[in-house]
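The values are calculated or read from the model by the stated rules, or taken from the named source; none is laboratory data. Everything quoted here is computed from the prediction, not taken from an experiment. Quick reminder, even Gly has a Cβ in these numbers, built from the backbone with ideal geometry, and neighbours come from all protein chains shown.
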Amino acid sequence: MSYPYQIKSFEEYKAAYQKSIEDPAGFWEDIANHFTWKKKWASKEDVLRWNFKEPTVEWFKGAKMNITENCLDRHLAERGNQPAIIWEANDPEYPSRILTYKKLHEKVCQFAHVLKNNGVQKGDRVCIYMGMIPRLAIAVLACARIGAVHSVIFGGFSAQSIADRLEDAQATFIITCDGAYRGAKDIPLKSVIDDALIGNKTIKKVIVATRTRTAVSMIKGRDVWWEDEVQHIEDKGITYIEAEEMDAEDPLFILYTSGSTGKPKGVVHTCGGYMIYANYTFVNVFQYQPGQIHFCTADVGWITGHSYVVYGPLSAGATTLMFEGVPTFPDAGRFWDIVDKFKVNILYTAPTAIRSLMGFGLGPLQGKDLSSLKVLGTVGEPINEEAWHWYDENVGKKKCPIVDTWWQTETGACLISNMAGITPAKPSWATLPMPGVQMVLVDENGKEVEGEAGQTVSGNLCVKAPWPGILRTTWGDHERCRTNYFATYDNMYFTGDGALRDKDGNYRITGRVDDVLNVSGHRIGTAEVENAINMHAGVVESAVVGYPHEVKGQGIYAYVIYQGSHAQNTHGSGDLVRKDILQTVTRMIGAIAKPDKIQFVSGLPKTRSGKIMRRILRKIAEGETENLGDTSTLLDPAVVDEILNGRI
């Protein structure tokens, strides 16, 4: 399989970019013609219709398709026996698994029958809460096969977080495992689901796959075993199911992401545009060549796993490697063992993982053959120069281009990235926008920042026109989509990030400018963490900000006003109270949102109207003691000195 739309030189990139801006419908129509459609759009006018005021965005209006035919069926004749998924278990002694395209197609069809047998219909929301095993990819694809909307929830989220998401999506089915392995931990997935379902009124069936053989409670009439259900299908000799005809604009999946309010928001991606854009960026950013092995280390619970473990690679007929474990188990050489074992060609991971592995020195790299690597990539947060050079020198041996990809859950796939070996790299810069992506920087008033020739300028990062992978709405609350992304600046999608742009048009992301933190590449809303802290019985009020963290990029710093029977601890170590608060956050959201530092305070810096001045708290958390700005207008200026003196 060749990719006629794969860019082969910097000149081709410039020409493609120019065409994509001048004639977006024509540009994307040419690319879409290389995919399998049950029915095509009627005219070029139907390729793109949009209005950022509403907002409404429609790509390939009226076209009919199914993403699984593009990820599976169309590859069977040419590459049915090629590995589609290589799976590496958490335990290095456990046998690896290879699913060919033919075998994956069969398993997806069989599980699609299981879903139908259990009452799942087109349009139903199916929550998937599983470890990183092949059956997770099978579940995702089986939902897409029959037109059910999947919503994958990362295995680290708590029962309360899952309950909130089930309620918001009005999900009717759950697919889970008895448990999952992650490093040295066993995660009891099914029992977390059981807790999440207390009081739930919408869930009809829970399908449970066996992985850890943990004892679980199976409720008669509600819970069924994956293996038993598949066996019924196999006994009948069924290996195929017709792919449901989907409109290009039908929802494909909901993925929940933290926002600046406490309530998670369900980002909706649709079938046609998302498929085209995930495929296009995969083929071009990584310069994927047929037969290469692509190892994206992300969990499918995040957008990176959706786009670059499942849909992007499989739609391109690639071999994708799924890893169940973590980079430091059983030791810090695990990634390098996997690269050596499977002769991985593309390694795509997070700066947090790279910084963590740097801390172990070069010992874990010794004796590992990394010569198969052709391309390295980073995702989730900006990579600092030190980590970039370490990755380049010690993993890539200065022979592998590093693609520094910037994008979001809402964007579906990469918006800014160099293309491996095609467009120039610049350490710690995401570099140039992808074809079809009209990036701009604006000031606080929404005025475009141009800058003098040869100057580097800064501003808030926005996009002027839609690309095929843009979110369409937030599930059940379109107004929230509008206010979050399209209301800040007129006729623009606002990313929530600030950025620099150099004289050559390269972008460097400087971080969030809203109340959202980026911790280890995962977005966490400050309001969500504050809500969880405030659930603790002794907490009166809290404020959460980010601060620089040498491994995670950003850490979580919480200022807490506390009273109660442990009040004396707040003036001593307060360790017991801190542990209780951390436990509360873990229970409400998950361990991923636990504050790194908790400082007990008697008050918070507030304006006379009661607004918390997070700007001051952020500066104190970052170690700034002098330039805190004018504090005389605060309700109680003395509280700032107290917070400064008590800084952890």
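Some points to look at:
- Qualifying residue in segment 445-463 (condition: surrounded by fewer than 21 Cβ atoms within 10 Å (Cβ to Cβ), in a loop (DSSP other than H, G, I, E, B) and modelled with pLDDT of 95 or more): no
- Residue within segment 160-171 that is over 23 Å from the mean Cα position of the chain (by Cα) and touching a residue at least 12 places away in the same chain (Cβ under 8 Å) present: no
- Comparison of 49, 79, 74 shows that the only residue that is basic (Lys, Arg) and surrounded by 18 or more Cβ atoms within 10 Å (Cβ to Cβ) is 79.
- Qualifying helices (runs of 4 or more DSSP H) (wholly inside segment 134-200; at least 1 residues being under 30 Å from residue 72 (Cα atoms) and of a type in the set (Val, Ile, Thr)): 134-146
- Being of a type outside the set (Phe, Trp, Tyr) and at pLDDT below 95 is a property that holds for residue 2.
- Which listed residue, of 352, 320, is under 19 Å from the mean Cα position of the chain (by Cα), at pLDDT below 95, buried (at least 22 other Cβ atoms within 10 Å of the Cβ) and polar (S, T, N, Q): 352
- Flag if residue 254 is assigned to a strand (DSSP E or B), of a type in the set (Val, Ile, Thr) and either within 18 Å of residue 299 (Cβ to Cβ) or at pLDDT below 95 (or both): yes
- If the condition is being surrounded by 14 or more Cβ atoms within 10 Å (Cβ to Cβ) and either under 24 Å from residue 549 (Cα atoms) or charged (D, E, K, R) (or both), then segment 625-635 contributes only 628.
- Residue within segment 141-156 that is in the same structural domain as residue 213 (by TED's automatic domain parsing), more than 23 Å from residue 248 (Cα to Cα) and surrounded by 21 or more Cβ atoms within 10 Å (Cβ to Cβ) present: yes
- Close pairs (8 angstrom Cβ cut-off, 6 or more residues apart or separate chains): among the charged types (D, E, K, R) in segment 75-96, outside any loop (DSSP other than H, G, I, E, B) and at pLDDT below 95 anywhere: none
- When residue 121 is tested against (1) over 23 Å from residue 275 (Cα atoms); (2) free of Cβ contacts under 8 Å to residues at least 40 places away in the same chain, only condition (1) is not met.
- Selection within segment 28-63 - among the acidic types (Asp, Glu) and without any contact (Cβ under 8 Å) to a residue 60 or more places away in the chain: 29, 30, 45, 46
For (1) among the aliphatic types (A, V, I, L, M); (2) not assigned by TED's automatic domain parsing to the domain that holds residue 299, each residue gets a yes or a no:
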{"site": "42", "(1), (2)": "yes, no"}
{"site": "48", "(1), (2)": "yes, no"}
{"site": "53", "(1), (2)": "no, no"}
{"site": "63", "(1), (2)": "yes, no"}
{"site": "111", "(1), (2)": "no, yes"}
{"site": "139", "(1), (2)": "yes, yes"}
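- Answer residue from segment 498-542, given it is at pLDDT 90 or above and in a loop (DSSP other than H, G, I, E, B) and is nearest to residue 592 (Cα to Cα) among those: 506
- Scanning segment 118-134 for residues that are more than 23 Å from residue 161 (Cα to Cα) and surrounded by 24 or more Cβ atoms within 10 Å (Cβ to Cβ) yields one hit, 120.
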